[in-house]
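**Student:** Here you go, one structure.
The values are calculated or read from the model by the stated rules, or taken from the named source; none is laboratory data. This one's a predicted model, so the numbers in the text were calculated from it and none came from an experiment. Please note: Cβ atoms are built from the backbone with ideal geometry, for glycine as well, and neighbour counts cover all protein chains shown.
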Amino acid sequence: MDSTKTRKAFASAKQVAELAGVSRSAVSRTFTPGASVSEETRRRVIQASEKLGYHVNHLARGLLRKSTGIVCLVVAESDTPYISRMVRTLARHLQEAGKVAMVIDTTGPSENVEHALRQTLNYRADATVVLSGTPAQSIIRTCLDNGQRLILINRDDRLAGPYNLSLDNRLAGRTALETFVRAGCRRLAVVASEAGTPSLIAREEAFIGAARASGIEVASTRNGRTSYEAGVAGARALFAGRERPDAAFCVTDLIACGFMDVARHEYGLSVPDELSIIGFDDIEQASWLSYRLTSFSPPVEELAAAVVDLATMGETAAEQAPASRFLEAPLVWRDTVRGKKD
């Protein structure tokens with residue numbers, strides 16, 4: 001028999017009711033937690049459901065009760081280690097809370113993000129979490145006007161309505177500068193990408209501002225997307241000059257890994273004796289023996305728990321919840337900065 005010509009249709013609640021000899025409402029009550037139904041009716045419904053292969057359509061139920069159980073995660077560059085880790089952690093926390101994570105990848109032009117956010121309205125998600133820094137405020141306002149609960153991560157919007165969860169990126173930039181100065185570094189650089197997201201800009205600007213306040217000028221370079229290749233290009237640009245830096249703050253670990261590989265393998269520099277490096281994100285690769293990168297470590301579990309709290313709380317609690325919250329990313333000291341941690 002050609003299996004491509006036939007496809008078993010989903011069993012309906014009506015079919016279950018007919019086979020079990022009960023009403024349609026009895027089937028609904030059987031699968032509704034806390035609903036009143038006799039043990040005999042429950043037994044007959046379960047038996048019929050198993051025979052027919054019936055599964056409750058939670059999405060349809062959600063549309064009726066104005067709660068789908070869906071939380072959309074809007075992400076960009078999901079192939080990068082940090083975003084991948086963040087999505088996995090969020091999905092796990094949401095699943096434990098009885099929610100379903102719907103991931104929408106928007107890597108590419110900013111209009112992709114706007115389209116993705118509009119999709120969340122079609123799915124009537126309970127909440128949408130935006131891990132990308134690119135959506136315009138206008139589309140965010142559209143989501144809010146349609147009753148969407150919106151949770152923004154690492155944005156600097158001043159809109160009323162969405163919840164903002166941010167890492168203290170400026171503190172990290174200042175801490176990186178102080179760490180280099182204590183290590184005796186004076187020829188400083190910051191290596192970034194052209195992504196221009198609020199979090200990356202905040203780290204870069206805070207580092208440069210703290211350096212200038214201390215009378216230290218900083219060389220800077222931005223190259224391409226936030227990737228390993230951005231670090232490679234940044235190193236080649238900085239090391240081509242007459243005065244090579246003796247310390248570099250890379251705004252992500254992926255950039256730091258590319259930067260370090262070029263410094264060591266193309267220019268023969270010793271890390272940290274001749275060049276100190278600090279990254280951000282504390283990705284898995286940062287702890288590898290080939291890097292042992294000093295990096296800021298975002299509290300991913302705490303951030304995910306905060307997202308789930310905001311996505312699942314009732315309307316009254318949501319109205320009372322703070323609109324903004326900052327979380328600190330502590331510095332994890334490894335082997336790429338001279339000296340020892342205080």
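**Student:** Select from segment 292-313 the residues that are in a helix (DSSP H, G or I) and in contact with a Ser or Thr (Cβ under 6 Å, 6 or more places away or on another chain) and write down the one among them that is surrounded by the most Cβ atoms within 10 Å (Cβ to Cβ).
**Tutor:** So, considering only residues that are in a helix (DSSP H, G or I) and in contact with a Ser or Thr (Cβ under 6 Å, 6 or more places away or on another chain), the one surrounded by the most Cβ atoms within 10 Å (Cβ to Cβ) is A304.
**Student:** Here's something else I'd like to know. Can you name every residue in segment 171-207 that is of a type outside the set (D, E, K, R), over 22 Å from the mean Cα position of the chain (by Cα) and not in a helix (DSSP H, G or I)?
**Tutor:** If the condition is that a residue be of a type outside the set (D, E, K, R), over 22 Å from the mean Cα position of the chain (by Cα) and not in a helix (DSSP H, G or I), then A183, G184, C185, L188, A189, V190 are the ones that fit.
**Student:** Name the single residue that is farthest from T128 (Cα to Cα) among those in segment 17-57 being loosely packed, with under 15 Cβ neighbours inside 10 Å and modelled with pLDDT under 80.
**Tutor:** Once the filter is applied, the top-ranked residue is G53.
**Student:** Going through segment 251-273 one residue at a time, which ones are in contact with a Phe, Trp or Tyr (Cβ under 9 Å, 6 or more places away or on another chain), surrounded by fewer than 19 Cβ atoms within 10 Å (Cβ to Cβ) and charged (D, E, K, R)?
**Tutor:** D261, E266
**Student:** So which of S276, S270, S290 is more than 22 Å from G224 (Cβ to Cβ), free of Cβ contacts under 8 Å to residues at least 12 places away in the same chain, touching a helix residue (DSSP H, G or I) at 6+ places or on another chain (Cβ under 8 Å) and not acidic (D, E)?
**Tutor:** S270
**Student:** Also: Looking at this structure, is A321 under 17 Å from T89 (Cβ atoms) and among the small types (G, A, S)?
**Tutor:** Criteria not met by A321.
**Student:** How many residues, within segment 208-234, are touching a Lys or Arg at 6+ places or on another chain (Cβ under 7 Å) and in a helix (DSSP H, G or I)?
**Tutor:** Here the count works out to 1.
**Student:** A further question follows. Taking A317, is it of a type in the set (A, V, I, L, M, F, W, C) and in contact (Cβ under 8 Å) with a residue 12 or more places away in the chain?
**Tutor:** no
**Student:** Go through (1) under 30 Å from E301 (Cα atoms); (2) among the basic types (K, R); (3) at pLDDT 85 or above one by one and return the number of the condition K66 breaks.
**Tutor:** (3)
**Student:** Please find, among R212, R222, the residue that is in contact with a strand residue (DSSP E or B) (Cβ under 7 Å, 6 or more places away or on another chain), basic (K, R) and more than 18 Å from L331 (Cα to Cα).
**Tutor:** Exactly one residue qualifies, and that residue is R222.
**Student:** Can you go through A248, A235, A230, A256 and tell me which one is among the aliphatic types (A, V, I, L, M) and more than 19 Å from N169 (Cβ to Cβ)?
**Tutor:** Of the residues listed, the single one that is among the aliphatic types (A, V, I, L, M) and more than 19 Å from N169 (Cβ to Cβ) is A235.
**Student:** Quickly run through segment 203-229 and pick out the residues that are under 24 Å from R155 (Cα atoms) and either out of contact with any helix residue (DSSP H, G or I) (no Cβ under 9 Å at 6 or more places or on another chain) or free of Cβ contacts under 8 Å to residues at least 12 places away in the same chain (or both).
**Tutor:** R225
**Student:** How many residues does segment 223-273 hold that are within 18 Å of R338 (Cβ to Cβ) and of a type in the set (D, E, K, R)?
**Tutor:** 4
**Student:** Pairs please, first residue from segment 71-82 and not assigned by TED's automatic domain parsing to the domain that holds A256 and at pLDDT 85 or above, second anywhere and surrounded by fewer than 21 Cβ atoms within 10 Å (Cβ to Cβ) and aromatic (F, W, Y), Cβ atoms under 7 Å, 6+ apart in sequence or on different chains.
**Tutor:** Correct list of pairs: C72/Y123.
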